[in-house]
Each structure stands twice: as structure tokens, then as C-alpha cells.
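Trainee: I am attaching a structure below and will ask some questions about it afterwards.
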Amino acid sequence: MRWWWFGPSVTREELERELTAMADAGIGGVEVAYVYPLVTATTEFGSEVFLADLCFAAERAREKGLSFDLTLGSGWSFGGPHISTELAARQLHWERREIGPGSLQVPVVSPWPGDDLVAAYVGAGSLQELPESYERLPVVDGQVIIEGGDGPRIVLLAYARLTGQNVKRAAAGAEGLVFDHYSAAAADAHLRAVGNPMLNAVPAELVGSVFCDSLEVYGSDWTPSLPAEFARRRGYDLLPVLYRLAVDGPDAARIRAGYHRTLAELYEENFVGTCQRWASERGVPFRIQSYGTPPATISSYRFADLFEGEGWGWRRITETRWASSAAHLYGRMAVSAEVWTWVHSPSFRANPLDLKGEAHEHFLNGVNQLVGHGWPYSPADAPGLGWFFYAAGALDDRNPWWPAMPEFTKYLSRLCWLLQQGEPVADIAVYVPNEDLFAIMGRAQGGSLNTWREAARRMPSAIPATIRTTGLDYDLIDDDALAVTPPDRYRAVIVPATTMILDSTATWLDEVITAGGLVIVIDSTAEVPGALVVETEGLRDALIGGVAPDLEISPATPDIGFVHRRSPDAEIYVVINTGPATQTFGLVARTTMSSYEQWDALSGRVLQAGALNEGMELTLHPYEATVIMLSEEPIKSVSIDARGESRQPLSGPWEMAYGNERAQPVDLPHAWEDEAGRRHYSGAATYTTSIEVDAVDGRALIDFGNCDVLDGDAAEHGLAGPSYGVAVRGPVGEVAKVRVNGIDCGMAWAPPYRVEITDALRSGPNKIEITVYNTAANALAADKHITRLAAESEARYGRRFHMQDLDKAMATVRSGLLQVPTLVTQP
């Protein structure tokens, strides 16, 4: 879990309590993030007190079996008071002036403090008829020299200026400029000022990794060494042609591509490489979310030790797929994702099913380690719900449904472990045309400096969606990765939206075809001899005709996905229903194995087994995952046939008590929000009834019912931006704990919402107690304390954050037993 320390204002008593709560819940570790104050900070970032608290937390984490990771700075992106203007992030700024035919000598002045004139140009034309080309103007003794001309002209001035970006969400004492991520000197200065004191205070043996969050150095496209580095790497001078960043014309695409590729290389070598070397010298791994600005590529990850992504959505190109592809290409067994960012916003609305559903999306994107976003440090005496982060789920023990967390983390841990076995299987490589992306990016052209974003814009989401729904999986691949990728690794390579192909890439694609692979060119003008040329709409037919499905799903549905790992003696498939409806389908695996087992991903038990030639049929409930294990082992057939299942509604009479209050008669279905004075109640309530059973023979379960699909789009459900939420309402709002005759039987928190009670049920009368836990959204909707804290923080420290959509807290919320449970018996 990412563990936010606000202020920094922490006490060691509360640090220990929260670490204990995490360990008890089955969370594997913490990643400490130091962010803005919510009250007056009790110390400053980097102070001796702060560093001592870090060491205390690391020692206690080790005692409790938790990993402990450190973020290499406060807020986003790295910087602070130790960053001078010489080391700060810079950007190009362009100015156009129309002049007449006369000669001029213009003094070089700074439009803004810190601006430096990089180059000046003149071209024939006007602001209405802009020049198509320019000549560089000389600068002599601090003046731009402009000779006379024949008519109106445009003077184009390129300034390097500070971006002015200060560290976002900074803790007290961490305020300052963001540093230049293209400069090794700037990275060194930051590591000396921030990294060294941290690792001097916290011994390396206590640190799992040091971490850099997503790159958000907004607008940064310049560094003082860029002209010299460009000439050294690209083989020609930059300044005579720099104007082509802002002016179309001959060679503009080539120049822009070379410019942004140079920025990417400087980022890789001077930031990522510098951090990794420093971390290695200090005895810890360096983990990074390598996307955003600067323009990181997939292969930029290779300069780090551990790769991480974020972003859910398994049928489109996400930052998660960016990271997992890099891990597969560069041989990293584990690849992580920041998960649950903005989950079912605002904070405290998410339930375990939301968390499960989004985690599945990351698994389907090739991830096998999760970093929850996150756990907000909150003092025990904080008013109302306490402290929480402005833009994330608050995933801690303040959630009433927290008793289900140990079972949930066990579920995720089982799948993460399983997905780290063997090797990933992907039949398709999707080429990311970096040269084309570099040629169109940049603020001067109205683009971003984010290579992932430009790739997602340029490459239709129909391409990854078609690959996945055709029973295949894929890696993204770029030019640099081809040097470590054998041409026979993939069965097919897709080249989408490409106009420029490097000679080395063209050679590799030719070798793919020679090795018997299929190259499919889509919506591209680049010529690839021997390739199959199709439109996006023809990709499915091309794949079906050229690549046998890894896992054929019949009938095909866009909601069923899978991820495949291969070990020497087994094939492992995790098959997931990502949609709101129950799905029944058959599976045919492309394998030489003879036998299969289906495992329940929640309990680990075998559900069915048999010979593959007899066929496999699955039924998956909404947002349910299962594991298919293929092997050559002889397997005795096991069937999940219910064999005459009988059902008896538990119609009552029922009593219900909120918390420790006195029980009252109640009719089911029952929603707390419908009762007077209970709309903002967050907590627990226990429903009680009794049943007579003649005999106990076979399995017995309590079935709480099916999910109801939520109609409407995400906005109607109160979801905003990148927020994830399942599109169903469960029969329980939100978690049900079952006790029969005083024996704890288990919890229901996800479809199929069943709890086995066989061992607790007996002949004769039986007492059934169902304790329901809801979310803290009800209490959040009535809590004004966080709004007051945010306002007081802004008055004291300036606006460092804006709370997410708290007005949506109660959207679609329903708590209680929302259907009549059923006793199910299976002989």
C-alpha cells in the first residue's frame, strides 16, 4: 500500500498501529509517500525528526513482516528547495514578431526573469502569410542583427525559460522548483539532498526499493546541453533548424523526431540511469513508473531495476501495458501496477468488489504485483472520518467492510504468486512507431511530450481489443527493444499508423517474415515487403487466418479475458469475467497437454478436472476469476454439477440490530438508507433468524442472490474521470459475515455471494446471524471536517490540492440485506 504521510505530521504510536493493522489484513508492505499538510506540520520534510520517524517505521515494518519502500522525494515531480534555477526544468518558448523591410538591431532582453535567447530567425512573410522557411540571425554584442529585406518579414525568437513548475502536493519543507530530468547534475543534486539522507537514516537492508512516481515534469522540452547532445547523437547542428519544431516544411518530421528522441535518450541516461546507479551503490533497487513527461519510451524502462505502470482497461493501451511489455521484453519476472487510483471516487465509496474488479484489469494487462493507492495516515483523534488523500480510495481500517480485507488480500496474493510462475505468453507484438510519435509531439505543434499518450491517440484501441477478443495476447514493442528480441519470438507483428521505419527495424521485420512470422501493416504508409496490408476492420480476419488462438472462447464475448503463463510442465491460464453478467462458455486451448484442472481463485480448491479432449466449459459470475491448469498428469475427473441442488428461502422472521443497539423486527429486503435517521450510518448491523433442518446430508450454503446490473453510464453512477467501479449492485451492501450456531462460516463480498455452512449446520433448530458491513460513503456524505481541514490547509500553506467529488459520495449507495437469502443444499 502507498502510505501517505501528510505534513509530515506523524506519531510513532499511530505509525505502529497502522503498520499492525496492515499486517493483520494481509497487506504485504508499504510505500511511503510524503505529501501536503492537512494541519500544521509538526516537522519538516528531510528534518532529523522526519528521518528518525522513517527509520522507526522501517524497523517496525520489518518486525511485522512488511516490505518498506521509500519515494525519492515529496509530491510530483522531484525537486525542492535544493534546486537552483540552473538545475530547474526548462522549456522552449516561441515568439513571433512581424517587421518591415528595414534593417534592425534588437537588444536581447528576457521577456521573463531567467529567459535565455537560444536562437533568432527571420523569414519572408507576415502574420497572415507565415514563412515556410527561416534563416538564423546572428547575435552580436547582445543584439540580434537583422539586415534589410524586400518586404514584410517574421522574426521568430526561441527562448529557453524555466517551466516555473513547483513540486505538486509538496510536504512542508519540500517546496521548490522541479528539477531538469535531462540533466545528470540536477539528478545528482536531488539524490544528494534527498536520497542520501533517507538511506543514511534507513539502512538499505530495511528498504525494498526506492521509487519514482509517474513523470509529470510539465512542458519540459529543453536543457542547456541539448544543442551539443543533439549534434553528437544525430550528426548535424540543431540551432540552424530548431525553428522546424514550430514551422512545417521539408525535413520537419525528421528534425522533430530527432529532437524528441534526443530528449528521451537524455532522460534515460541522465535521470533513470543516474538514479539506478546511485540506488545500486546504496544497495537498493530503483523502481519507476516511466511514462509521462519527459517523453519516455517503452524501452526507457530498461535503465531501471523494477518496472511499474498504472491505469486499468485491458482492451486498450494503458500505462500498465507499457510497463508489463517492458518487463516481458527485458526479462523482469515481476512487474507492478499502481492500482485503485481514484477507485469508485470519491474516497470511501469503493467496496471489495470494486477493488477486485480493477485488480483483474491489471492482471489482464500482464501485471503480477499490486501497489494499492492507498492508505492515508490519519491520527486516532482526527475529527470525523479523519485524514485522507484528495484523489484516491481510502483503503484502510476505517472502512466498515474491513473485516473482509484479509480474505481479499489472500485472494490477490494467490493470483500474484501464480502469475509470477513460468514465463508470460504473448503471440503478438504491436509495434509502437516512436519515430512517428516523436515527429508529432511537442507543444509547438499542439501535442504532448508524453510518448505513451501519443501512442494511445495514434493507435486505435480497436487493435488491442481485437487481439484480445480473438483469443490472443500481445506485447508492445519499440525500436530499441528489437536489439534484444529474436525475430521468431512472436507469431505475428502488427505495424500500425506508421510512416517512418528505421533501417534496423525494417531489417528485423524482414527477419520476422523469413522466420515464418506474419507481419500485418495497418493504416500505414511505410512499406514492409512481404507484409499483409489491412485496414483496422480487417485485423480480426487477418489474425484468424494467420495465428491459431492461444485460448479459444466460445461463444466469443468482449467481457471474458485471460492471461497465460507457461512453465516447463504446466500451462497456467487465469480466466476472468470483466463484465456485469454471468457468462457460460467453452474453452479450447492451443496446447499439447492432455489434462486440465479448474481451481477456484478465491479458495484454491479444485472445481472440476478432466481430459482436455472431453472439452472444458466454464461459468463465471460477474467479475469472477478462475484458474485453468493444464498438464500431462493423469487427472481423475471432477465435476461441478450441482446434481439436484435444492433451495429454501430464508423468509424469516428476521430481527436486526445496528451495532450494539437493541434488535428490532425487520422485513427483507432491507436497505438502511430507507430508515429514518440511518442515511448517513456507516458501520455494521446484524440480522438474525432461525431455521429448522430435518437432516444434514451433503453441502449446505447460504446464497445471498444475484447482482443487479446498474443501468446508465459511469457519470450517472457518480464516477468521474479515470475512476473504476463495477457496474452492478450486489445482493448485500457491501459485505456479509455468516455465523451459524455461533460458528463463523465465512464472508460474502463478491459474486456468487455464497457462504458454505456445512460444518456448522445441524439437525433441528439453527440460529443464523448475518452481520452486514457497508462502506464509509454514508458517513463521508455528512462529514464536513475534511472540507474544513482542506480550507485551513490552503489558508496556511496555499492551494496544494483540491478534494475530489465529495458531493457524489452517496450516488448508488445501498446498505443492508438487499435480497432474501436462500439456504442451498447439495446432496
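The values are calculated or read from the model by the stated rules, or taken from the named source; none is laboratory data. All of these numbers come straight from a predicted model, not from anything done at the bench. Ideal geometry is used to build each Cβ from the backbone, glycine not excepted, and the neighbour counts take in all protein chains shown. Accessible surface is based on the protein model in full, side chains and every heavy atom, while ligands, DNA and RNA are left aside. Shrake-Rupley method; radii C 1.70, N 1.55, O 1.52, S 1.80 Å.
Trainee: Can you give the accessible area per residue of the chain, in Å², using a 1.4 Å probe?
Mentor: Working: 31340 Å² over 827 residues.
Normalised by residue count, the accessible surface of the chain is 38 Å².
Trainee: Per 5 Å bin, what is the whole-percent P(r) computed from every C-alpha pair distance within the range 375-515?
Mentor: 2, 8, 12, 12, 12, 11, 10, 10, 9, 7, 4, 2, 1, 0
Trainee: How many nm is it between the label spots at Glu692 and Arg17, if each spot is 7 Å from the Cα in line with the beta carbon?
Mentor: Between Glu692 and Arg17, the simple spin-label model gives 5.0 nm.
Trainee: Another question about this same structure. Among Pro352, Asn660, Ser74, whose Cα lies farthest out toward the positive end of the dipole of the chain, if unit charges sit on the beta carbon of Lys, Arg (+1) and Asp, Glu (-1)?
Mentor: Selected residue: Asn660.
Trainee: How far is it, in nm, from the label point at Val39 to the one at Glu633 when both lie 7 Å from their Cα along the line to the Cβ?
Mentor: Here the answer is 5.5 nm between the modelled labels.
Trainee: Another question, if that's okay. Just want to confirm a number: the relative contact order over the range 331-379, from Cα pairs under 8 angstrom separated by 6+ residues, in percent. Before the final figure, lay out each step's value.
Mentor: Numbers: 43 pairs, mean separation 27.5, N = 49.
Across the range 331-379, relative contact order equals 56 percent.
Trainee: Using only the Cα atoms, what convex hull volume per residue in Å³ does the range 445-576 have?
Mentor: Cα-based convex hull of the range 445-576, divided per residue, equals 145 Å³.
Trainee: If I take every Cα pair under 8 Å that is 6 or more residues apart in the range 1-88, average their sequence separation and divide by the length, what percent do I get for the relative contact order?
Mentor: Details: 115 pairs, mean separation 31.6, N = 88.
In percent, rounded to a whole number, it is 36.
Trainee: Please give the solvent-accessible surface of Asp251 in Å², to the nearest 10, using a probe radius of 1.4 Å with every protein chain present.
Mentor: Asp251 has an accessible surface of roughly 80 Å² with all protein chains in place.
Trainee: In the full protein assembly as shown, how much of His680 is accessible to a 1.4 Å probe, in Å² to the nearest 10?
Mentor: 80 Å²
Trainee: Could you calculate the contour length gain from Arg540 to Arg678, that is, 0.36 nm times the residue separation minus the distance between their Cα atoms, to one decimal place in nm?
Mentor: On the way: separation 138, 0.36 × 138 = 49.68 nm, distance 5.27 nm.
Once the chain is fully extended between Arg540 and Arg678, it gains 44.4 nm.
Trainee: So for Trp314, Trp417, Trp599, what's the accessible-area order with a 1.4 Å probe, most first? Please list the in-between numbers first.
Mentor: Values: Trp314 5, Trp417 155, Trp599 65 Å².
Sorted descending by solvent-accessible area, the residues read Trp417, Trp599, Trp314.
Trainee: Before rounding to the nearest 500, sum -39500 (n - 2.57) across all DSSP H runs of length at least 4 in the chain and divide by the residue total; then give [θ] at 222 nm in deg cm²/dmol.
Mentor: Values: 17 runs with 177 residues, N = 827.
Helix contribution divided over all residues of the chain: -6500 deg cm²/dmol.
Trainee: Rounded to the nearest 10 Å², what accessible area does Tyr390 show when all protein chains are kept and the probe is 1.4 Å?
Mentor: 40 Å²
Trainee: Now for a different question. Taking only the alpha carbons of the range 123-213, what extent do you get along each of the three principal axes, in Å, biggest first?
Mentor: Result, largest extent first: 72, 30, 23 Å.
Trainee: Expressed as a whole percent, how much of the Cα-Cα distance distribution for the range 576-664 exceeds 21 Å? Walk me through the numbers on the way to the answer.
Mentor: Working: 1942 of 3916 pairs.
When all Cα pairs of the range 576-664 are counted, 50 percent exceed 21 Å.
Trainee: Taking the C-alpha atoms of the chain, how large are the radius of gyration and the largest Cα-Cα span, Dmax, in Å?
Mentor: 29.7, 107
Trainee: Here is a further query. If only Cα atoms are counted, what is the Rg of the range 208-250, and what is its Dmax, in Å?
Mentor: Cα-based Rg and Dmax for the range 208-250 come out at 15.4, 51 Å.
Trainee: Going by accessible area, probe 1.4 Å, with all protein chains left in place, what is the ranking of Arg316, Arg169, Arg754, largest first? All intermediate terms of the calculation are to be shown ahead of the outcome.
Mentor: Numbers: Arg316 100, Arg169 50, Arg754 75 Å².
Solvent-accessible surface, decreasing: Arg316, Arg754, Arg169.
Trainee: Please give the direction-averaged projected area of the C-alpha convex hull for the range 688-827, in square nanometres with one decimal. Can you show the working numbers first?
Mentor: Details: hull surface 44.0 nm².
Hull-based average projected area comes out at 11.0 nm².
Trainee: What dipole magnitude, in Debye to the nearest 20, does the chain give about its Cα centre under +1 on Lys/Arg Cβ and -1 on Asp/Glu Cβ?
Mentor: Details: 67 positive and 107 negative charges, 199 e Å.
Computed charge dipole of the chain: roughly 960 debye.
Trainee: Something else about it: How far is it, in nm, from the label point at Arg788 to the one at Trp94 when both lie 7 Å from their Cα along the line to the Cβ?
Mentor: Going by the 7 Å Cα→Cβ label model, 5.2 nm.
Trainee: Direction-averaged shadow area of the convex hull around the Cα atoms of the range 69-182, nm²? Could the numbers behind the result be given before it?
Mentor: Working: hull surface 38.4 nm².
Seen from a random direction, the Cα hull of the range 69-182 projects 9.6 nm² on average.
Trainee: Averaging over all projection directions, find the projected area of the Cα convex hull of the range 235-360 and quote it in nm² with one decimal place. It would help to have the intermediate numbers written out before the result.
Mentor: Working: hull surface 46.8 nm².
It is 11.7 nm².
Trainee: Could you work out the equivalent-ellipsoid semi-axes for the range 428-474, taking the square root of 5 times each eigenvalue of the Cα gyration tensor, largest first, in whole Å?
Mentor: 26, 10, 6
Trainee: What percent does the relative contact order of the chain come to when contacts are Cα pairs within less than 8 Å and at least six residues apart? Don't skip to the end; give the middle numbers.
Mentor: On the way: 1932 pairs, mean separation 91.0, N = 827.
In percent, rounded to a whole number, it is 11.
Trainee: What aspartates and glutamates sit close enough to Lys784 to cross-link, taking a C-alpha to C-alpha distance under 18 Å and skipping anything fewer than 8 places away on the same chain?
Mentor: By straight Cα distance, Lys784 reaches Asp381, Glu792, Glu794, Asp805, Asp807.
Trainee: Further, regarding this structure: Please give the contour-minus-distance gain from Trp417 to Glu614: 0.36 nm per residue of separation, less the Cα-Cα distance, rounded to one decimal in nm. Display every interim value, and only then the final one.
Mentor: Values: separation 197, 0.36 × 197 = 70.92 nm, distance 2.94 nm.
That works out to 68.0 nm of additional length.
Trainee: Name the aspartates and glutamates eligible as straight-distance cross-link partners of Lys737: C-alpha to C-alpha under 15 Å, and not fewer than 8 places from it in the same chain.
Mentor: Result set, ordered by chain and number: Glu407, Asp703, Glu756, Glu769.
Trainee: Once you've got the Cα coordinates, tell me which of Lys64/Lys767; Lys64/Lys410; Lys410/Lys808 are over 26 Å apart.
Mentor: Values: Lys64/Lys767 38 Å; Lys64/Lys410 17 Å; Lys410/Lys808 31 Å.
With Cα atoms farther than 26 Å apart: Lys64/Lys767; Lys410/Lys808.
Trainee: Rounded if a/c is under 1.5, else prolate if a/b beats b/c, else oblate: with a ≥ b ≥ c from the C-alpha gyration tensor eigenvalues square-rooted, which is the range 150-192? Numbers along the way, then the final one.
Mentor: On the way: a/c = 6.79, a/b = 2.45, b/c = 2.77.
The shape class here is oblate.
Trainee: May I ask you to give the percent of accessible area on the chain that is carbon plus sulfur, with a probe radius of 1.4 Å? It would help to have the intermediate numbers written out before the result.
Mentor: Details: 15540 of 31340 Å².
Percent of accessible area from carbon and sulfur atoms in the chain: 50.
Trainee: Ordering Arg244, Arg254, Arg398 by accessible area with a probe of 1.4 Å, largest first, what comes out?
Mentor: Details: Arg244 15, Arg254 110, Arg398 55 Å².
Order by accessible area, largest first: Arg254, Arg398, Arg244.
Trainee: With a sphere of radius 14 Å drawn around the Cβ of Tyr34, what net charge do the other residues whose Cβ falls strictly inside it have (Lys, Arg +1; Asp, Glu -1)? Mind showing how you got there, number by number?
Mentor: Values: positive: Arg2, Lys168, Arg169, Arg800; negative: Glu31, Glu44, Asp53, Asp69, Glu175, Asp213.
Result for the neighbourhood of Tyr34: -2.
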